[in-house]
Structures are given as structure tokens and as C-alpha cells.
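The values are calculated or read from the model by the stated rules, or taken from the named source; none is laboratory data. Keep in mind the model is a prediction, meaning the values are calculated, not measured. Here Cβ is always computed from backbone atoms with ideal geometry, including for glycine, and neighbour counts include all displayed protein chains. Just so you know, the surface numbers come from the protein's heavy atoms only, side chains and all, with ligands and any DNA or RNA stripped out. Shrake-Rupley method; radii C 1.70, N 1.55, O 1.52, S 1.80 Å.
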Amino acid sequence: PAAWAHELLPPWGAELLNQKMPFVRREYWTDQGSVNVFNVVGTWHASYENKPWLYLLEHGRRMPHNLDWLARNPGYYTGTELKKPTMYFATLDGLTFYITDDGNHRTCLARFYFYERGLTQLHGVTIRQFDVDEAFWQLYQQIMALIKQHRLMIYVEPKRELLQRDDTAAWKTDHHQPYLLWHDDHGTTRLDYEAALKKQAWLQRYRPSFWRRWFA
């Protein structure tokens, strides 16, 4: 087998993405997408994460069924029409993809099948792409660390606001505006990125009073 057959499938970071969801600026979805099958690098299926592609080919629970189906209907893999049943992928950068809800065995077969035939594109699949505002996410992490460091009674809540949706049949893109809700003794303040930078600067300059140091 090809060298990539021994590459491990890292887990899809669903938990981390859930934490980052308030900072997703654009979320794209289509059920008629195309994926370079060799850019599929991982999975969120617990049984196959951190296992090599060859393991999935040889030991996948549904692999005998899917091998038989490939022999009877190779056009399912090479055709451009909508896949039924579909295959699901997610990406953060538009280049590296992870298998999500369904399609682990079929993606594995497509890799080996396409490799033999010099093909790359798997058409008619479902794709979700998340564009995360990494700078805002990192700023939020730094603010939370400073609040914890100073033991301040401040609660910061990440949010996002839907600005608009672009869509036609079979695809959509949601545009969001990330922001923070800053809760302290004076009430609640909404912070965009620039306002959050000012709060971070204030926290970095913060020096507790004598009494706060004493009671701390």
C-alpha cells in the first residue's frame, strides 16, 4: 500500500470547536460539495481516531458490506451527482477535512480506489466549513487568564450575532459578528474586538488596592 495508508486519523476537535463557536465569523454548508479525498485527514468516530487508514480498510466494522457495494456500483464513487447515502465532512481551513456524521468506510475505500486510478475528487458530498476569528478567540483566552490571575469578580460571556445569510438551493453561508458580554459591578457591556483589546490593556495594568490584597 501507499505510504499514506499508515498515516493515523487524528480526532476531529469537536469539543474545541464548540468552545470556539461564538468566534465563528462565517459558517458554510453545502450538500453538493467536492473534496479531494487525499485532503481528508481525520475523523470524529471514536472507533477509528488515531488508527491508520489501512486498519480501517482491514478491520472496519462495515467494510465487507461497503466493499461489496463498491464492486457492484463503482459509479457511486466516481459520479458527480448527489451521494445517497451522503458523506459528511467538516473543515476549519478549507483544505484539511475530517469525516463527521457518516462516511468513514466509504472515504477510506475512495482513497484506495482513487489512488489506483489516479483520481482525487469525491463529488456530491456534504461539507461544513467554519471560519474562526482566531485573533478574537486568543484575546478572549488572555482576558480570562488575567481575570483569574487577579481574582476579579468579572464574568465574560462570548457571543455571536447573525448578520446575514447567503443561500440558494443546496448551499448557505451564515455571516456572524463575534462579541463579548462583560459583566461586572457596573452592569453589562458589549465588547467588539477593539473594545476587548482596551479591556485587556486595563487588566494588564491592573493593580489591586491594599484592602483587596489584604483580603486576598
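How about the stretch 30-62: which of its residues are among the hydrophobic types (A, V, I, L, M, F, W, C) and in a helix (DSSP H, G or I)? Spell out the reasoning first.
Within the stretch 30-62, the first condition is being among the hydrophobic types (A, V, I, L, M, F, W, C), and the residues that meet it are 35, 37-38, 40-41, 44, 46, 53-54, 56-57.
Scanning the stretch 30-62 gives 37, 38, 53, 54, 56, 57.
Could you list all residues from the stretch 7-28 that are open to solvent by 80 Å² or more (accessible area, probe 1.4 Å) and in a helix (DSSP H, G or I)? If you could, list the steps in order and put the result at the bottom.
Keep residues of the stretch 7-28 that are open to solvent by 80 Å² or more (accessible area, probe 1.4 Å), which gives 7-8, 15-16, 18-19, 25-26.
Residues satisfying the conditions are 15, 16, 18, 19.
Look through the stretch 183-216, keep the residues that are surrounded by 12 or more Cβ atoms within 10 Å (Cβ to Cβ) and in a loop (DSSP other than H, G, I, E, B), and return whichever of them is modelled with the highest pLDDT.
192
Which residue pairs have Cβ atoms under 7 Å apart, sit 6 or more places apart or on different chains, and have a first residue in the stretch 60-89 that is under 12 Å from residue 32 (Cα atoms) and crowded, with 16+ Cβ neighbours inside 10 Å and a second that is at pLDDT 95 or above and of a type in the set (D, E, K, R)?
These pairs meet every condition: 87/106.
Within the stretch 175-182, does at least one residue satisfy the condition of being over 26 Å from residue 82 (Cα atoms) and either assigned to a helix (DSSP H, G or I) or open to solvent by 50 Å² or more (accessible area, probe 1.4 Å) (or both)?
yes
Results for (1) farther than 30 Å from residue 175 by Cα; (2) hydroxyl-bearing (Ser, Thr, Tyr); (3) without any contact (Cβ under 8 Å) to a residue 12 or more places away in the chain, shown as yes or no for each residue.
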| position | (1), (2), (3) |
| --- | --- |
| 12 | no, no, no |
| 24 | no, no, no |
| 32 | no, no, no |
| 108 | yes, no, no |
| 116 | yes, no, yes |
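Give the residue, chosen from 128, 151, 165, 160, that is modelled with pLDDT under 95 and open to solvent by 30 Å² or more (accessible area, probe 1.4 Å). If you could, list the steps in order and put the result at the bottom.
Working: 128 fails: modelled with pLDDT under 95; 165 fails: modelled with pLDDT under 95; 160 fails: modelled with pLDDT under 95.
Residue meeting the stated conditions: 151.
Name the residues in the stretch 94-106 that are open to solvent by less than 40 Å² (accessible area, probe 1.4 Å), in contact (Cβ under 8 Å) with a residue 40 or more places away in the chain and either not basic (Lys, Arg) or not in a helix (DSSP H, G or I) (or both), would you? Give the steps one after another, and end with the answer.
Pass one, the stretch 94-106, residues open to solvent by less than 40 Å² (accessible area, probe 1.4 Å): 94, 97, 99-100, 103-106.
Filter again for in contact (Cβ under 8 Å) with a residue 40 or more places away in the chain, leaving 97, 99-100, 104-106.
Correct list: 97, 99, 100, 104, 105.
Could you tell me whether the stretch 46-61 includes any residue that is hydroxyl-bearing (Ser, Thr, Tyr), closer than 30 Å to residue 175 by Cβ and at pLDDT below 95?
If we filter the stretch 46-61 for residues that are hydroxyl-bearing (Ser, Thr, Tyr), which is where we start, we get 47-48, 55.
Imposing the further condition that a residue be closer than 30 Å to residue 175 by Cβ reduces the set to none.
No, that holds for no residue.
Out of all the residues in the stretch 137-148, which are over 23 Å from the mean Cα position of the chain (by Cα) and open to solvent by 30 Å² or more (accessible area, probe 1.4 Å)?
145, 148
Working carefully through the options 127, 143, find the one that is of a type outside the set (S, T, N, Q) and outside any strand (DSSP E or B). Talk me through it step by step, then tell me what you get.
On the way: 127 fails: outside any strand (DSSP E or B).
Answer to the check: 143.
Would you say residue 31 is open to solvent by 70 Å² or more (accessible area, probe 1.4 Å), under 24 Å from the mean Cα position of the chain (by Cα) and under 30 Å from residue 136 (Cβ atoms)?
On the way: open to solvent by 70 Å² or more (accessible area, probe 1.4 Å): no; under 24 Å from the mean Cα position of the chain (by Cα): yes; under 30 Å from residue 136 (Cβ atoms): yes.
No: the conditions fail for residue 31.
Taking the stretch 119-161 as the search range and keeping residues that are out of contact with any helix residue (DSSP H, G or I) (no Cβ under 9 Å at 6 or more places or on another chain) and of a type in the set (S, T, N, Q), which one is farthest from residue 83 (Cα to Cα)?
141
Within the stretch 91-100, identify whether any single residue is polar (S, T, N, Q), within 30 Å of residue 205 (Cα to Cα) and out of contact with any helix residue (DSSP H, G or I) (no Cβ under 8 Å at 6 or more places or on another chain), and answer yes or no. Give the derivation first.
Here is the first cut: in the stretch 91-100, the residues polar (S, T, N, Q) are 91, 96, 100.
Then keep just the ones that are within 30 Å of residue 205 (Cα to Cα); that gives none.
Looking through the stretch 91-100, none of the residues is polar (S, T, N, Q), within 30 Å of residue 205 (Cα to Cα) and out of contact with any helix residue (DSSP H, G or I) (no Cβ under 8 Å at 6 or more places or on another chain).
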